[in-house]
1. Summarise the long-distance tail of P(r) for region 177-319 by giving the % of C-alpha pairs beyond 26 Å.
2. Quick one: net charge around SER176, please, counting Lys, Arg +1 and Asp, Glu -1 for every other residue with C-beta under 10 Å from its C-beta.
3. Just to confirm a number: summing +1 for Lys and Arg and -1 for Asp and Glu over residues other than ALA43 whose beta-carbon lies under 14 angstrom from that of ALA43, what do you get?
4. Kindly provide the helix-only [θ] at 222 nm of the chain, computed as the sum of -39,500 (n - 2.57) over DSSP H runs of four or more divided by all residues, to the nearest 500 deg cm²/dmol?
5. In Å, the Kirkwood hydrodynamic radius of the chain over pairs of distinct alpha carbons?
6. How do 7-17, 150-160 rank on mean C-beta neighbours within 10 Å, highest first?
7. Which net charge results when you count Lys and Arg as +1 and Asp and Glu as -1 among the other residues whose beta-carbon is under 11 Å from that of LEU201?
8. To make sure I understand the rule: partners must be lysines, Cα under 20 Å from the Cα of LYS86, and not fewer than 8 residues away in the same chain. Which ones qualify?
Amino acid sequence: MPDLMSELCSYVSANEPLSKHTWFGLGGAARWYARPKSVDELAEVVRRARRERLPLKVLGFGANLLVSDDGVDGVVVRLDAPAFRKVRWSIDDDATRSRLHVDDEVLVAAGAGADVNKLVIDAARRGCGGLECMGGIPGTLGGIIRMNAGGRFGQIADVVRDVTVVDGEGAVRTLSRDEVGFSYRRTRLGDAIVGGATLALRPDDPDRVRDRLLEVWRYKKRSQPLAEYSAGCVFKNPPGGSAGQLIDQAGLKGAAVGGAHVSEQHANFIVAKEGATARDVMTLIGLIRRTVADRFGVELELEIEVWEPSRARSDLVIS
Ligand code: EPU
């Protein structure tokens, strides 16, 4: 796509290795890598990619993402410019704070590139409740909203008030929480890209918020292999069950393909060791699925995003 490159060269570059942007540390390069500085620039990238019929993906922190060894033959967008990382707290405004009652909401307007872990800590410091459930879940706000990330303590949908998106035509729209269509690890955002969102938190006792957050952090640290290269939980929990428990009961802890291993600590994690490739991870995923299906009759569904060339056509995915 010579036009995109030549005309948008102030924020689009070529052949960016994606392995350095994913927690797995795996995967090939993006043909085009776009870092728009504003919603207008983002909309322009969307329109051009569409015109050129190029697949377009949005990269967050790459914490929940497996990129194929062949990379992405299209455009990968990163929303890390200041305009997309901005965060405004209604409680920081003195006039608003003095009027706050416990029943009131604290509104947080944040860009899609905002670091959710930082938001969690900032909320606890300000004595705002509702985000503790996201403690220790790595990601940008856009990626976290896109997949309705969460865990046993809650999910981001619980605190979202509205979401601003750039749709597949490059138009900017604000969607209410209902229009986003949240369900378990899913939204109905389709090809829309999250540009930012407003969260509604509850004023609370700062010590209570901190204690709840510490509990969530401790749980994660105890049960998950946080120091290794992984993409978090690989599979969604099946209705009424636990993917980690099923994989564990199938005797798969420690199973390996090449450098990809099922974690000994939490069976729903695949960790990438020295020499691992994305293909190793995919083959291990296939092995786990077949084994769990044979043993328990349960078809596990992926929670992580997988960017493969064959799947990369014309869908817009945020991770
Ligand atoms: N279990 C096992 N063996 C294992 C792992 C888990 O028997 O190897 C059992 C546990 O003992 C527990 C049950 O399975 O009885 C559920 O495990 P856990 O409490 O670890 O919760 P989870 O359902 O596996 C969910 C989220 C995590 C999140 C935690 C804590 C999903 C798919 N996973 O894990 O999210 O961190 O709750 O909030 O919803 C992620 O999204 O990447 C992720 C790791």
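Quick note: the coordinates plus some simple rules give every number you see, no bench work behind them. No experiment lies behind these values; they were computed from the predicted model shown. For neighbour counting, all protein chains shown are included, and Cβ atoms are generated from backbone atoms with ideal geometry for every residue, glycine included.
1. Working: 4086 of 10153 pairs.
Value for region 177-319 (Cα pairs over 26 Å): 40 percent.
2. Numbers: positive: ARG161, ARG177; negative: ASP162, ASP178, GLU179.
That works out to -1.
3. Numbers: positive: LYS37, ARG47, ARG48, ARG50, ARG51, ARG173; negative: ASP40, GLU41, GLU44, ASP167, GLU169, ASP191.
The answer is 0.
4. Working: 10 runs with 93 residues, N = 319.
Calculated at 222 nm, the ellipticity per residue is -8500 deg cm²/dmol.
5. On the way: mean 1/r = 0.0491 Å⁻¹.
Taking every pair of different Cα atoms in the chain, averaging 1/r and inverting gives 20.4 Å.
6. Values: 7-17: 14.7, 150-160: 19.0.
With the highest mean Cβ count within 10 Å placed first, the list reads 150-160, 7-17.
7. Details: positive: ARG126, ARG161, ARG202; negative: ASP104, GLU105, ASP122, GLU132, ASP158, ASP204.
With Lys, Arg at +1 and Asp, Glu at -1, the net is -3.
8. LYS37, LYS118
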